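A short worksheet on the structure shown next.
The values are calculated or read from the model by the stated rules, or taken from the named source; none is laboratory data. Everything quoted here is computed from the prediction, not taken from an experiment. Using ideal geometry, Cβ is built from the backbone for each residue, glycine included, and neighbour counts are taken over all protein chains shown. Side chains are part of the model used for accessible areas, which takes the heavy atoms of the whole protein and leaves out ligands, DNA and RNA. Shrake-Rupley method; radii C 1.70, N 1.55, O 1.52, S 1.80 Å.
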Amino acid sequence: MHSMSKQKSATPLFLCPDAKFLSVEDEFHCIQFGELLSSSSDHIRPLHRKVNKTYAKFFNKCAVCGDQILHNLEPLMYICKEPSCHIPSLQHSFHRVCIEPISKHPYHPKHTLRLIFTDPIHKECLNIPCIIRISRHEHRISFNSSLTPEKLMCGVCHWKIDTNYGRYSCVKGCNYGVHSKCATREDVWDGEELEGKPEDPYEDISSFIEISEGIIQHLSHQDHHMRLDEKTDRAFDENNYCQACTLPICDDIIYSCMQCDFILHKECAQLPRKKHQVTHPHSLSLQVGHQGCALFECKACLRSSNGFAYLCDEEDCEYMLDVRCASIAEPLDHRCHQHPLFLTFEPRSKQICSVCHKSRGHRLNCGECGFVACFGCATLPNKLRYKHDEHVLLFSYEEEVNGQYFCEVCEKEANPKNGVYMCHDCNVTLHIKCLLGKDVNIMHGVVIEYPEVDVSILLNDRLSRNICKSCDKLCEHKIVYEVSGFEICSLKCMNFVVLYFTMFA
């Protein structure tokens, strides 16, 4: 039998992953000291080292990773010639990096590890990070491979965790666990290994300076001071809306400017300047420069907005959310559904929203039934005001509907299966678009400056409706866009007109 001296033990011993030892002692001596004892199986032989030229035509893929072994990048490869090898035919070749024994692995530093052939081979699990931070939990989490009797549900996919296998758990001792595959998803983890790195203290930086009791100077409105207004019985004015979330002011506690008509909901004024959000692995920073002068598209609800936004802090990442989508946390309790909702979606997957019936990627799922809510529907306000009704209208969604309902504005059927706003005191029903407008997150009364043309966003409150100069249809939505004296009915038509002016100006 082949033997190897201990003087050569510093040289890695490359063994076939299909090799089986007759005893644990034989395997220990072989891996630790490079010794092949006489009791070892005949298959326990070092792999043959070959120049990757003659065999390139036949052995072009590594049996471990499946990638091609390119002779210009890796001139040497390793081949098993044992007849008893169970690795599939013509796949007995290996990259050096795939077959090399691993010393001082963080999960088992005491002994050297060798690769053993299984189907499939999870070699990527050897490089799984020890300590990481994910978007779904406030503390760091660490990999744990020990057996425990505890019962855990994964904090990402919300399926049961089998504690016979490795998983991540909270370093602070929270009863929180995550599957290793879920924790290392690209939309959950930022790819940074945190072992040995000090934890940065999280600073909750305020967006305003308190001047005196009830008086603030906000980051977004630094020229004037704003006063706290706690009255909730004020008269409704559809021209008053929050500059952050773009929603009309209802019976909310607000901060209003002492010198102009700038208004913020109290909770919007208190938005942190930096935050971690469950849908993105990087930290986000509050952006107030979009307000009133430009439009952006929220990555979660896919709606355009000119309110405040949260932008990713990474230089090469353009992930941006409007403040309503950025406020989503799990579990989400929404008045339109009796069960809590969770973020269980996988990257690049889509489902049909139960409310708007559109296919969406960012969504919340019920853990007890098949209900799905996209971010656009999940962030609709629970209550709103209508100028022709003295009461508050509540958002309603019903899976089973008795009777027929008609919209107060357009007089068309309004089905609660699609979500509607209702006043139960007056039996008033309105479509979402008829109450909030088609472009829900866009405020009127501002001018957007493009290189070739300016666009004014106006409230469509005339007694008669004009014809859109782009699509030749009536401008019937809540706001209109004015471009060079022409009225445009929607954001889609406005983008087309702006493109025309850009190309032919």
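Numbers below:
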| read-out | value |
| --- | --- |
| Neighbourhood charge, 12 Å Cβ-Cβ cut-off, centred on Ile352 and excluding it, Lys, Arg +1 and Asp, Glu -1 | +4 |
| When each of Lys231/Lys274; Lys299/Lys358; Lys274/Lys438; Lys412/Lys473; Lys231/Lys438 is checked by Cα-Cα distance, pairs over 22 Å | Lys231/Lys274; Lys274/Lys438; Lys231/Lys438 |
| Qualifying GluC sites (Glu not before Pro) for region 443-479 [loop in DSSP, other Cβ within 10 Å: at most 15] | Glu452 |
| Probe 1.4 Å, protein heavy atoms only - accessible area per residue of region 203-327 in square angstrom | 47 Å² |
| Inter-label distance, nm, simple model (7 Å from Cα along the C-beta direction), Glu25/Leu394 | 7.7 nm |
| Label point distance in nm, Leu463-Lys172, each placed 7 Å from Cα along Cα→Cβ | 6.2 nm |
| Fully extended contour minus Cα-Cα distance, from Gln259 to Val447, at 0.36 nm per residue | 65.6 nm |
| Met503 accessible area, 1.4 Å probe, all protein chains in place, Å² to nearest 10 | 120 Å² |
| Order of exposure, largest accessible area first, which applies to Leu463, Leu491, Leu219 with probe 1.4 Å | Leu463, Leu219, Leu491 |
| Solvent exposure of region 380-436 as accessible area per residue, Å², 1.4 Å probe | 58 Å² |
| Residues Asn127 and His424, FRET efficiency given R0 of 45 Å [Cβ-Cβ distance, rounded to 0.05] | 0.15 |
| Relative contact order of region 123-193, pairs being alpha-carbon contacts under 8 Å that are 6 or more residues apart, as % | 31 percent |
| Probe 1.4 Å - accessible area at Thr502, Å² to nearest ten | 80 Å² |
| Candidates per trypsin sites (Lys or Arg not before Pro) in region 384-449, loop by DSSP, up to 16 other Cβ within 10 Å | Lys387, Lys412, Lys438 |
| Computed lengthening from His158 to Glu411, 0.36 nm per intervening residue step minus Cα-Cα distance | 86.8 nm |
| Nearest-20 debye value, region 123-193 charge dipole, Cβ charges on Lys, Arg, Asp, Glu | 240 debye |
| Accessible area (Å², per residue) of region 123-193, counting only protein heavy atoms and a probe of 1.4 Å | 54 Å² |
| Accessible-area composition of region 157-254, carbon plus sulfur, in percent [1.4 Å probe] | 46 percent |
| Accessible surface ranking that places the most exposed of Trp189, Trp159 first, with a 1.4 angstrom probe | Trp159, Trp189 |
| Whole-percent carbon and sulfur share, accessible surface of region 302-379, 1.4 Å | 47 percent |
| Efficiency of FRET from Cβ geometry, Lys383 and His357, R₀ 30 Å, rounded to 0.05 | 0.80 |
